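Right, one structure below, let's go through it.
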Amino acid sequence: MWIFAIGFLAQAFFSARILLQWALSERAGRVLSPGAFWVLSLAGSYLFFVYGWLRDDFAIILGQFISYYIYIWNLREKAIWFHIPRPCRWVLGLTPFAAFVWLARDLPAFAATFLHNADVPLSLLLLGTAGQAVFTLRFVYQWLYSRRRGDSLLPAGFWMLSLAGSSMIVLYACLRHDPVLIVGQSFGLAAYLRNLMLSFRKTSQTQ
């Protein structure tokens, strides 16, 4: 139960970021990328990384590892990262690397625990990993898009990838009977769709 509690707390941060971003965007009539969105993202990702580790879920760990550092990049762009005390920045920055170094000490054991988990058949693992890959790709896309424009933005492509990846993860979660993923991902689908609508409306107004 306490492992699920960590997972639900992580999803609470993820849900809060979407609610906040959605509310601010609705008020402004356009898609916004508020600093609090990235603060909540980093907090949720840290906890979700721990949850994936405790659940022996390679798909979750892989997805969080990639997006984690993109959250930090956006916090730097928002001039928030360096307001965090230096010891906390070191812990936040090094924890995922330390975990992977620990795993790399015994690769056969890693494969047996994460890739050959009896509770997660290979076909299900591939589905979950693919969903996490698409879901994570949205932040890679957001990072490349934002770097090109010199600002932290959330473009329409980000929300398209969010919808696709989230749908795949919900299917994976249903098959694995994971209430944390089901609740967390289902909650975001409406917000992703609404942000996509706001993005298209803004584009049509500027044409």
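Would you tally the residues in the range 104-127 being crowded, with 17+ Cβ neighbours inside 10 Å, part of a helix (DSSP H, G or I) and modelled with pLDDT under 80? Total meeting the criteria: 2. Sort through Ile84, Ile80, Ile72 and tell me the only one that's among the β-branched types (Val, Ile, Thr), modelled with pLDDT of 90 or more and out of contact with any helix residue (DSSP H, G or I) (no Cβ under 7 Å at 6 or more places or on another chain). None of the other options fit; the residue is Ile84.
Residues in the range 27-38 that are farther than 18 Å from Tyr145 by Cα and either aliphatic (A, V, I, L, M) or free of Cβ contacts under 8 Å to residues at least 12 places away in the same chain (or both): Arg27, Ala28, Ala36. Within the range 17-59, the set of residues being of a type in the set (A, V, I, L, M), part of a loop (DSSP other than H, G, I, E, B) and either in contact with a strand residue (DSSP E or B) (Cβ under 8 Å, 6 or more places away or on another chain) or within 26 Å of Ala133 (Cβ to Cβ) (or both) comprises just one member, Val31. Would you confirm, using the coordinates I've provided, whether Phe14 is in contact with a Pro (Cβ under 9 Å, 6 or more places away or on another chain), part of a helix (DSSP H, G or I), aromatic (Phe, Trp, Tyr) and at pLDDT below 90? Here the answer is no, as Phe14 does not meet what is asked. Contact map, the range 1-18: first residue in contact (Cβ under 8 Å) with a residue 12 or more places away in the chain, second residue crowded, with 17+ Cβ neighbours inside 10 Å and of a type in the set (Ser, Thr, Tyr), Cβ cut-off under 7 Å, separation 6 or more or different chains; pairs are Ile3/Tyr51; Ile6/Tyr51; Gly7/Tyr51; Ala10/Tyr51; Arg17/Ser41. Filtered by the rule that a residue be surrounded by fewer than 16 Cβ atoms within 10 Å (Cβ to Cβ), among the hydrophobic types (A, V, I, L, M, F, W, C) and within 19 Å of Leu125 (Cα to Cα), the range 172-192 gives Cys174, Leu175. Among the residues of the range 18-57, those that are of a type in the set (Lys, Arg) and either exposed (fewer than 15 other Cβ atoms within 10 Å of the Cβ) or under 11 Å from the mean Cα position of the chain (by Cα) (or both) comprise Arg27, Arg30.
The values are calculated or read from the model by the stated rules, or taken from the named source; none is laboratory data. A quick note: this is a predicted structure, and the numbers were derived from the prediction, not measured. Heads up, the Cβs are rebuilt from the backbone with ideal geometry, glycines too, and the neighbour counts pull from every protein chain shown.
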